[in-house]
1. Say whether the condition of being over 20 Å from C:ALA153 (Cβ atoms), within 14 Å of chain A (Cβ to nearest Cβ) and either part of a helix (DSSP H, G or I) or away from ligand 2 (no atom under 16 Å from the Cβ) (or both) is met by at least one residue in region C:2-13.
2. Condition first: at negative phi and within 14 Å of chain A (Cβ to nearest Cβ). Now tell me which residues in region C:55-69 satisfy that.
3. Being under 28 Å from C:VAL7 (Cβ atoms), over 19 Å from the mean Cα position of the chain (by Cα) and part of a helix (DSSP H, G or I) narrows it down to one residue among C:ILE150, C:ILE178, C:ILE235; which is it?
4. Given A:LEU149, A:LEU174, A:LEU164, A:LEU126, which one is assigned to a helix (DSSP H, G or I), within 14 Å of chain B (Cβ to nearest Cβ), crowded, with 23+ Cβ neighbours inside 10 Å and of a type outside the set (Gly, Ala, Ser)?
5. If I go through region C:11-35 residue by residue, how many of them are within 11 Å of ligand 1 (Cβ to nearest atom) and surrounded by 14 or more Cβ atoms within 10 Å (Cβ to Cβ)?
6. Looking at region C:2-21, is at least one residue without any contact (Cβ under 8 Å) to a residue 60 or more places away in the chain, closer than 17 Å to C:GLY156 by Cα and among the acidic types (Asp, Glu)?
7. Of all residues in region A:79-100, how many are within 11 Å of chain B (Cβ to nearest Cβ), in contact (Cβ under 8 Å) with a residue 60 or more places away in the chain and assigned to a helix (DSSP H, G or I)?
Amino acid sequence: MQTAQTAILSLPRAVGRSAIGALAHVGRFSLMLAELFRALGEWRIWLPRTMDEARSIGAGSLFIVLLVSAFAGAVTALQTGYQFQGNLPYYVVGTLVVESIVLELGPVLTALVLAGRIGARYAAELGTMRVTEQIDALESLGRSPMSHLIIPRVLAGLVMIPILTIFANAIGVLAGWWSAKQVLPISNGDFTYGAQYFWRPFDAYYSIIKAFFFAGAITLIPCYMGFNAQQGAEGVGKATTTAVVATSVTILLLDTLLAKLLLHP
Amino acid sequence: MDLHYKREALVGSIVLAGVAVFVVATMWLGGKSFGRKDLVPVHFTDVGNVKSSTPVKVSGVQVGKVDRIAFEGVGSVRVDLALTEHVPLSQDAKATIVAIGVLGDVEVVLDPGTDSVPLSPGQVLEGTTAAGMGGLVDELGGQARAVMIGAQALLNQQTADDLHETLKAMQRLMSVYADTRTGPTAEMTRLMVSLQGVSARLDSTLASPALASTMENMDSATAGLTRLTEQLTTTTARMDTLVQNMNAGKGTMGQLATNPALYDQLTATMKSMQALLDSVQAKPGKLTVQVKMF
Amino acid sequence: MIELRGVHKRFGQQVILNGVDFSVEEGETVALLGPSGTGKSVLLKHIIGLIHPDSGTIIVDDLNVASLGRKELAALRSTIGYVFQNGALFDSMTVFENIRLGITDEKCNRDASYCAARVPECLALVNLTPETAAKFPAELSGGMRKRVGIARAIAGRPKYLLYDEPTSGLDPVNADIIDRLVKHLAETLGVTSVMVTHDVRGAFRVSDRVALLSDGKIVLQGTPQEFLASADLRIKAFLERDFDTHSFAA
Ligand SMILES: Nc1ncnc2c1ncn2[C@@H]1O[C@H](COP(=O)(O)OP(=O)(O)O)[C@@H](O)[C@H]1O
Ligand SMILES: [Mg+2]
């Protein structure tokens with residue numbers, strides 16, 4: 001009885017606390033962004049490190065990204081073929097594979113895979129650096145953690161994730177094409193016809209724009225989480241899982257938001 | 001230092017490869033291609049569903065694509081055809097936009113012409129739009145209305161019965177189509193609405209006592225019958241084109257081609273129409289109409 | 001010159017520093033003693049502005065650390081070498097790159113030949129071989145990591161050196177080397193140093209003055225003689241316990 005009462009009484013306080021906590025996150029995140037922009041002048045510092053991170057993202061994630069998108073393309077083709085068999089002309093498979101891969105599956109699956117791969121790594125790396133005082137050490141040397149740690153990761157992501165998405169789109173479409181040909185009497189001409197018929201050049205830009213926004217989420221959120229990790233190994237673990245969850249949710253939110261803003265303005 | 005260059009070169013090559021894939025893929029999807037191509041400008045008053053990448057065919061073979069569509073003013077559109085095959089074009093070459101499916105797909109059929117004077121480079125061809133599926137539906141409706149008028153001049157009970165059969169077949173065809181699960185496209189729906197109207201009118205005509213009376217004056221109705229036969233012929237021919245398109249698997253007609261019930265009904269309708277024509281043709285009297293069958 | 005006046009700091013409900021007054025004169029070496037968990041590291045971080053005080057002032061080189069802008073703070077920090085308790089080496093970099101980052105002067109830092117000479121020099125000062133430079137922190141023992149941390153802190157030829165327990169966890173030989181290094185740097189380069197330590201003997205051997213932090217306050221700051229002569233129970237307890245354990249260990 002008493003505990004229930006205290007629980008009810010403490011509810012507004014708990015809500016208030018978490019609201020303040022959320023505001024603090026927004027504030028700290030914005031401050032980090034401001035510092036990030038300020039540190040962009042130190043290109044001598046971040047440029048070589050960006051190269052390192054870019055290579056690590058590009059070479060490290062290419063295979064898994066291609067694998068996932070190849071399967072996505074194949075499944076799209078097979079299921080489309082199954083679903084519309086006898087109802088729609090086969091070339092529709094070409095249209096659906098290209099449009100679903102380029103507009104949705106390519107960017108989103110790549111982003112979700114990278115949220116797990118790059119996002120988790122960034123959060124864990126920076127979280128470890130925070131709790132082992134490496135970030136403090138950097139600051140104690142009069143150096144900016146932004147230009148040494150955050151900018152290289154964010155920029156590398158902003159460049160490489162759209163590039164990976166382009167590869168993912170290409171492989172997804174090719175895999176879809178190949179699998180469509182395995183199960184349907186569809187010719188290359190049919191597939192090409194369907195692929196091209198409903199194509200709009202904006203689709204390609206939309207795909208890249210999405211990848212770009214996702215890249216922002218994949219790099220900024222985990223960097224923020226890791227950078228502000230709490231003490232101890234537990235803090236690093238918490239930062240990492242929170243980062244991956246928050247990034248994935250943000251990707252899906254951005255996905256919806258961008259579809260609304262760019263496709264149905 | 002060496003190590004740094006290697007790393008930067010790797011990043012650079014990944015980025016460049018990505019950009020290259022992007023450019024090539026968007027060009028492919030946009031229907032653009034590298035290599036030599038002849039640009040043939042065509043002037044249309046209305047391009048309908050033509051878009052860049054719409055195929056251009058000569059004798060049924062794709063020889064290129066629509067490259068660019070430029071709006072020059074109301075009723076004036078310039079379309080550049082990019083031909084990857086070399087097609088010698090004459091002064092009297094013609095380009096026609098032809099509808100090839102019910103999803104609104106079109107292609108540009110290029111007739112190279114027979115004139116001995118070749119087309120001068122940059123000369124703008126005059127383009128036309130063939131009666132596509134949309135026009136076909138309207139015409140079909142018009143033909144059917146004429147059939148109904150002619151039917152009033154029918155004298156032969158056998159013919160009337162055949163006509164009735166035709167109507168029934170049409171109705172069955174329509175009932176299959178009315179099943180919206182097959183999701184008829186807008187144009188198919190238009191076709192059906194038109195046919196439905198015709199059917200209703202024909203039905204009421206046949207049921208009317210006036211028809212029975214006209215049937216007794218067969219000889220006097222020869223002229224009317226001739227007209228009716230001609231109209232029936234063209235209508236049937238049009239339906240035939242429709243069915244042939246379906247058979248040819250012209251993409252968007254695939255729904256018909258692959259829906260057996262619909263197809264059967266359509267075929268039955270045609271058979272019935274044919275029987276009607278046969279009976280009209282076989283009718284004794286001064287009828288000299290040459291009925292061209294398909 | 002480093003001066004802390006009335007510095008208060010709490011983390012949540014936990015009061016760590018409760019009015020700390022602490023000063024280090026130019027060229028002086030001060031040892032900061034105290035039981036673990038009293039906030040010695042927190043105090044040290046205040047000096048380079050890694051932690052901001054809730055109240056009170058921190059003056060370093062006549063500059064109010066808490067009120068410095070980004071650039072001035074970075075400039076001040078590059079004159080201070082900070083040796084972290086567990087080394088805090090950048091584990092994605094080799095020892096060479098770690099120490100090179102410690103060369104805070106940008107011109108020197110970009111000069112490859114300067115760095116190639118300076119890094120082994122710093123390694124030698126902390127009794128490490130030049131071969132260590134190619135290793136990654138993960139390949140080093142705890143004591144070696146600590147010494148690399150010192151090498152990184154001194155690489156930029158700082159004016160101030162803040163050591164956070166530089167000898168804890170080291171074997172006596174290397175602890176002695178570090179103690180001597182602290183003394184050496186203070187004497188030959190005129191570096192002003194603060195050394196947080198548990199090791200009372202080392203503190204007494206190296207430092208000009210000793211301070212004891214307990215319960216969020218500096219209990220006493222004075223010469224080793226003043227310390228030994230003090231009648232304060234907390235000081236007596238600390239000295240005895242520490243001398244005991246050390247005489248045991250030795
Ligand atoms: N950033 C921080 N956030 C919260 N508590 C901290 C933080 N840094 C230190 N503390 C707490 O302050 C107290 C003193 O820590 P510290 O200065 O490391 O002790 P020591 O004297 O052993 O160096 C400890 O209880 C520690 O948990
Ligand atoms: Mg400590």
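1. Looking through region C:2-13, at least one residue is over 20 Å from C:ALA153 (Cβ atoms), within 14 Å of chain A (Cβ to nearest Cβ) and either part of a helix (DSSP H, G or I) or away from ligand 2 (no atom under 16 Å from the Cβ) (or both).
2. Within region C:55-69, the subset at negative phi is C:55, C:57-60, C:63-69.
Scanning region C:55-69 gives C:VAL60, C:LEU63, C:VAL65, C:LEU68, C:GLY69.
3. Details: C:ILE150 fails: over 19 Å from the mean Cα position of the chain (by Cα); C:ILE178 fails: over 19 Å from the mean Cα position of the chain (by Cα).
From the options C:ILE150, C:ILE178, C:ILE235, the qualifying one is C:ILE235.
4. A:LEU164
5. The first filter runs over region C:11-35 and keeps only residues within 11 Å of ligand 1 (Cβ to nearest atom), leaving C:11-17, C:32-35.
Filter again for surrounded by 14 or more Cβ atoms within 10 Å (Cβ to Cβ), leaving C:15-17, C:32-35.
Count: 7.
6. Within region C:2-21, not a single residue is without any contact (Cβ under 8 Å) to a residue 60 or more places away in the chain, closer than 17 Å to C:GLY156 by Cα and among the acidic types (Asp, Glu).
7. So the count comes out to 6.
Per-residue answers, yes or no, for (1) more than 8 Å from every other protein chain (Cβ to nearest Cβ); (2) not in a helix (DSSP H, G or I):
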{"residue": "C:ALA31", "(1), (2)": "yes, yes"}
{"residue": "C:PRO35", "(1), (2)": "yes, yes"}
{"residue": "C:LEU43", "(1), (2)": "yes, no"}
{"residue": "C:PRO53", "(1), (2)": "yes, yes"}
{"residue": "C:LYS71", "(1), (2)": "yes, no"}
{"residue": "C:LEU101", "(1), (2)": "no, no"}
{"residue": "C:THR104", "(1), (2)": "no, yes"}
{"residue": "C:SER113", "(1), (2)": "yes, no"}
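The values are calculated or read from the model by the stated rules, or taken from the named source; none is laboratory data. Everything quoted here is computed from the prediction, not taken from an experiment. Backbone-built Cβ (ideal geometry, glycine too); neighbour counts: all protein chains shown.
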